[in-house]
Amino acid sequence: MIINETYTLSNGIKIPKIGLGTWQVKEGDEVYNSVLAALRNGYRHIDTAEGYGNEEGVGRAVRDSGIPREEIFVTSKLESHIKTYEGAKEAFLKTLKALQFDYLDLFLIHAPWPWSNMGQNCDEGNVLAYKAMEEFYNQGFIKAIGVSNFEPKHLDNLIANTDIIPHVNQIGYFIGLDQSVTINYCNERNIFIEAYSPLGIGYLLSNEDIKKVADKYNKSTAQICIRYLLQKNTAPLPKSVNENRIIQNKEVDFEISKEDMDFLDTIKGDPRRWD
Ligand code: A2P
């Protein structure tokens, strides 16, 4: 079953193909129950971030699940405004403490710039923060390191000025959103792509064209969206706080034909709304 399958990162670390997303999931019972439901149903990959404010609940659910820590792949991310060496060190230690873990599977720079100032040039700060992450990686406190929301120009800077080519770039990726430039760049350098917002934060679910494909396979629109990203060799990170949907999102052991993949590739546009 696909929920038990893994990809292998460039450093040999295995990463489960489907992860549970937790963006906008509230700290406390909501995140705790969502993560526990996912783990109960076979998920072994949980994606959180300092900026989500829910690391404590994620860590508590992982511990309470009774599943050995080493069987669960947990990602967190350095807050987007932290662009110094000392700041990154401090923040990573805070993450470990919040999760109550003695190591983390994957730590990412959340964005190339602060969310409050998107587009700002933080080349120098990204290098400084990443160097702190490299140190923790070399000491064994992090199994893999990388970035999120990085475009080729941001990656060029990092690769030119640091030692370890990022193992992962986590980007927003879903049917309709053209990420081919970044994906091709990453494929050439063996940087693994994780896909956040695989359902377009839910807005893709009302897409009639995807629904037509879904009906053909007797699957839900969500399942087509997730399966599409798997067939693109990326790791989708669907978010849900509803156990039935968490279960539905892992039941993607079917194959979308080449013809239907080509059709899904013709869908263009980003339906996300932020209001
Ligand atoms: P909920 O958490 O109430 O299940 P994305 O992963 O692209 O960010 O999308 C997440 C959104 O899609 C959330 O609003 C989530 O709501 C909803 N969602 C997740 N899985 C499904 C599903 N299988 N069917 C319908 N809605 C879903």
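The values are calculated or read from the model by the stated rules, or taken from the named source; none is laboratory data. Keep in mind that this is a model prediction, so the values were computed, not measured. Using ideal geometry, Cβ is built from the backbone for each residue, glycine included, and neighbour counts are taken over all protein chains shown. For the accessible areas, the whole protein counts, side chains as well, though only heavy atoms, and no ligand, DNA or RNA atoms are used. Shrake-Rupley method; radii C 1.70, N 1.55, O 1.52, S 1.80 Å.
Measuring spread by the Cα atoms of the range 69-191 yields a radius of gyration and Dmax of 14.0, 40 Å.
Reducing the range 46-77 and the range 101-164 to their Cα centroids gives an inter-centroid distance of 20 Å.
Counting only heavy atoms of the protein chains, get the accessible area per residue of the range 64-214 (1.4 Å probe) and round it to a whole Å² value. Each residue of the range 64-214 exposes 43 Å² on average to a 1.4 Å probe.
For the chain, the share of accessible area belonging to carbon and sulfur comes to 46 percent (1.4 Å probe, ligands and nucleic acids excluded).
In this structure, Lys268 and Asn187 have a Cβ-Cβ separation that, at R0 = 35 Å, corresponds to a calculated FRET efficiency of about 0.95. Relative contact order for the chain: 19 percent, from Cα pairs under 8 Å spaced at least 6 residues apart, divided by residue count. In summary, the lysines within cross-link reach of Lys17, defined as a Cα separation below 21 angstrom excluding same-chain residues under 8 places away, comprise Lys77, Lys143, Lys219, Lys232, Lys239, Lys250, Lys258. Rounded to the nearest 500, the helix-only mean residue ellipticity at 222 nm of the chain stands at -12000 deg cm²/dmol, with each DSSP H run of n ≥ 4 adding -39,500 (n - 2.57).
Counting only protein heavy atoms and using a 1.4 Å probe, the accessible area of Met1 comes to about 130 Å².
Per the Debye formula on identical point scatterers at the alpha carbon atoms of the chain, with no solvent, log10 I(q)/I(0) at q = 0.17 Å⁻¹ is -1.43. Return, ordered by residue number, the residues of the range 92-128 whose backbone nitrogen is under 19 Å from a label point located 7 Å along Cα→Cβ of Glu86. Hits in the range 92-128 for Glu86 at 19 Å: 92-95, 124-128. For the range 136-202, the convex hull spanned by the alpha carbon atoms encloses 87 Å³ per residue.
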